[in-house]
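The values are calculated or read from the model by the stated rules, or taken from the named source; none is laboratory data. This one's a predicted model, so the numbers in the text were calculated from it and none came from an experiment. Positions of Cβ are backbone-derived with ideal geometry, glycine not excepted, and every protein chain shown enters the neighbour counts. The protein model used for the area step is the full one, side chains on, heavy atoms only, and it has no ligands, DNA or RNA in it. Shrake-Rupley method; radii C 1.70, N 1.55, O 1.52, S 1.80 Å.
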Amino acid sequence: LSHIGPFSAIGLRRLSYVIPTASNVKTLDLSGNSINDDGLQALAVGLSRHPALERLDLSRNEIGSDGLRALATTEISTLRLLNLSRNAINDGALTVVAGGLAKLCNLETLDLANNNMITSPGLAVLTPIFRLESCSLKEMNLSRMNIEDSGAKVFAEALVGNESLTKLLFGWNNVTALGWSAFSTLLCDTSSVNNTYLSN
């Protein structure tokens, strides 16, 4: 259902009635349909009743804090991939996402690329997620977000001790050698023999 909108809240409410009956559907692609917070709030009702959804693509829409708050309450335990790239996500909305991630215990891929209203300090809200033993995130896309050196440092520090993440896309940001050095320390901390062993 990608790029055939725009979808209004009324249309998405009707779709939400159908979603629970499509129990065999594993992937739902609603990208590029000008979906706003009201629309996602209407859709979330149906998503919360779907028994087996694994991949949800909401990229290239106009989703912000209120819509993400509604999505977080769905607690879709089967969800493996969530694409929120190119939306209206700012630091406040990212806080909502972080709160929802704690409930999406099986989520493996999160795409937040091209949400350039997220600032470096905003990335700090993700730290508790990566410190959870139950964290299952394997891939994360933070490309094209105007992240600077301070944001790179915050995110690198958040990953200390994390054993789930295997792929991180961080390109096209405003990171210099100073910011990249934080990731260098994360990958190989030579401050002590024990830290070198643990980081490797």
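Here are some notes:
- Solvent-accessible area, 1.4 Å probe, carbon plus sulfur percent, for the chain: 52
- Packing-based ranking of 13-24, 34-45, 143-154, 170-181 yields 34-45, 143-154, 170-181, 13-24, ordered from highest to lowest mean Cβ neighbour count within 10 Å.
- The H on the amide N of Ile147, modeled in the peptide plane, is under 5 Å from the matching H of Asn174, each at least 5 residues off or on a different chain.
- Pairs of Cα atoms nearer than 8 Å and 6+ residues apart set the relative contact order; for the range 79-121 it is 63 percent.
- Counting only protein heavy atoms and a 1.4 Å probe, the chain has 50 square angstrom of accessible area per residue.
- The range 189-199 - phi-based ³J(HN,Hα) in whole Hz, Karplus 6.51/-1.76/1.60, Gly and Pro as x: 8, 9, 5, 7, 4, 5, 5, 4, 4, 5, 6
- Between Trp180 and Asn146, the contour length at 0.36 nm per residue exceeds the alpha carbon distance by 10.8 nm.
- Label positions at Arg49 and Ser77, each projected 7 Å from the Cα along the C-beta direction, are separated by 1.9 nm.
- Cβ-Cβ FRET estimate between Val18 and Glu139, R0 fixed at 35 Å, reported to 0.05: 0.75
- Checking [x] 99; [y] 143; [z] 110 against volume of the Cα convex hull per residue in Å³ calculated from these atoms, the matching label is [x].
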